[in-house]
Amino acid sequence: MTPDVILQLAVAFGLGLLLGLERERKEDPIAGIRTFPLIALFGTVCAQLSRPLGGWIVAVGLAALSAVLILANLAKNKTGEPDPGITTEVAALLLFAIGALLVVVNITTGVVLAGVMVIVLHMKEPLHRFAGAVGQKDMHAIMQFVLLSLVILPVLPNANYGPYGVWNPFKLWLMVVLIVGISLGGYVAYKIFGSRAGTLLGGVIGGLISSTATTVSFAKRGAQPHLAGLAAVVILTASCVSLGRVLVEIAVMAPAQFPQIAAPIALLAAATCAVTAVFYLRGSHATERLPAQKNPAELKSALVFGGLYALVLVAVAFSKEQLGDAGLYAVALISGLTDMDAITLSSAQLAARGQLDASTAWRAILIAALANFLFKFLIVAGVRSPRLTRSVAAGFGLIALAGAALLVLWD
């Protein structure tokens, strides 16, 4: 017996134990902690035998397992056991396939698939709770995201058009899907945790959906003196998460240039998180229900962002060619006031294409980030809550100092 064969059998047995332990806790009469390892080993052995004997043996093994599961269900029904569904049966069939996958494809793929399966099985209650919480509007949001990503995106041409050749319909819409997808993830988290989210989680969810919208909502709430501290922490947390969004966008658009562009942005994000942590530890830990969030997958919103992104792409390319770095930074300052995504994606895209230096790209993104902090501070100041304004001014002021230091000192 070769080392590869032993390793495949050992991994299959371990994965079977893991799945069996999860099913045993559900007290399913069909299969548990002993049966699942045997099913995994059965799949692996069938795949190993298929090499000298042919692939038909895997098909026969799967058919035999299916027959056993059918007989087990018939016996269970005769005893009057309630019908809990077919989750265990499907898990058993999939585990057999994973056992074969360890041999036919590779061990890593089988382990990842088994890990996903055990997580899905274990999260029965949260998943059912989420499904129960999904209403008509939420399904509308999900279906609109399907429209954006699976219907519109595949049919768009993947070629460069327009001034400076920066308009690629497929890549442009792909970025729309990316931004909407991140926001939709926050919206899903809001639907799951919205009424139970604490201060930090509320800020995280708000930052995923829209840090500017979160600032507007909590600035209004912070007008009440007893909620000013909580509102400041949520606003700071959402701003910290928004910088995390920026890092993800850079990684997607310019993976090769990511280390050079992302390093100073990551330091600014770290400084923002540090300031947020200080405010959180110093303040009260009262909680406030998150305000209602809008569907981030609305087609109108996606089209508006796509149009804004297209305009910023041209503005950045034009400014760089005609006005130099100073013109680009002016565009970043103006664009960043209300939206950081467009300038981040456009700068990273041009850097990936070699039309923009990495150092220029990160400076443009950082300037946009500082402009966005300024805009959010003006929103807070407009509420005229002295306590909230002082808190946000102190937090954003420290972050702005960190950003200015990076602009001056970072090479």
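The values are calculated or read from the model by the stated rules, or taken from the named source; none is laboratory data. Quantities reported herein were computed from a predicted structural model and do not represent experimental measurements. A quick note on method: Cβ atoms are made from the backbone with ideal geometry, for glycine too, and the neighbour counts reach across all protein chains shown.
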Restricting to helices (runs of 4 or more DSSP H) lying wholly in the stretch 303-411: which have 2 or more residues that are more than 24 Å from Phe258 (Cα to Cα)?
358-383, 386-409
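Being within 15 Å of Ala271 (Cα to Cα), over 27 Å from the mean Cα position of the chain (by Cα) and crowded, with 17+ Cβ neighbours inside 10 Å narrows it down to one of Leu388, Leu370, Leu406, Leu366, so name that one. First the steps, then the outcome.
Working: Leu388 fails: within 15 Å of Ala271 (Cα to Cα); Leu370 fails: over 27 Å from the mean Cα position of the chain (by Cα); Leu366 fails: over 27 Å from the mean Cα position of the chain (by Cα).
Just one listed residue meets the conditions, Leu406.
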Somewhere in the stretch 194-205, is a residue modelled with pLDDT under 75, of a type outside the set (A, V, I, L, M) and under 25 Å from Ile250 (Cβ atoms)?
yes
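In the stretch 150-178, which residue that is aromatic (Phe, Trp, Tyr) and in contact (Cβ under 8 Å) with a residue 12 or more places away in the chain is farthest from Ala213 (Cα to Cα)?
Step one: of the stretch 150-178, the residues aromatic (Phe, Trp, Tyr) are 161, 164, 167, 170, 173.
After this cut, where a residue has to be in contact (Cβ under 8 Å) with a residue 12 or more places away in the chain as well, the list is 164, 167, 170, 173.
Working: Tyr164: 33, Trp167: 28, Phe170: 28, Trp173: 23 Å.
Selected residue: Tyr164.
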Expected output for the stretch 179-192 (first residue assigned by TED's automatic domain parsing to the domain that holds Gly207 and part of a helix (DSSP H, G or I), partner among the polar types (S, T, N, Q) and at pLDDT below 75, Cβ below 6 Å, 6+ apart or cross-chain) is Tyr187/Gln293; Tyr190/Gln293
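Quick check on Leu17: is it farther than 21 Å from Val120 by Cα, touching a helix residue (DSSP H, G or I) at 6+ places or on another chain (Cβ under 9 Å), at pLDDT 80 or above and surrounded by fewer than 21 Cβ atoms within 10 Å (Cβ to Cβ)?
Taking the combined requirement at face value, the residue does not satisfy it.
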Counting only residues that are closer than 18 Å to Thr215 by Cβ and small (Gly, Ala, Ser), which one in the stretch 251-290 is modelled with the highest pLDDT?
Ala269
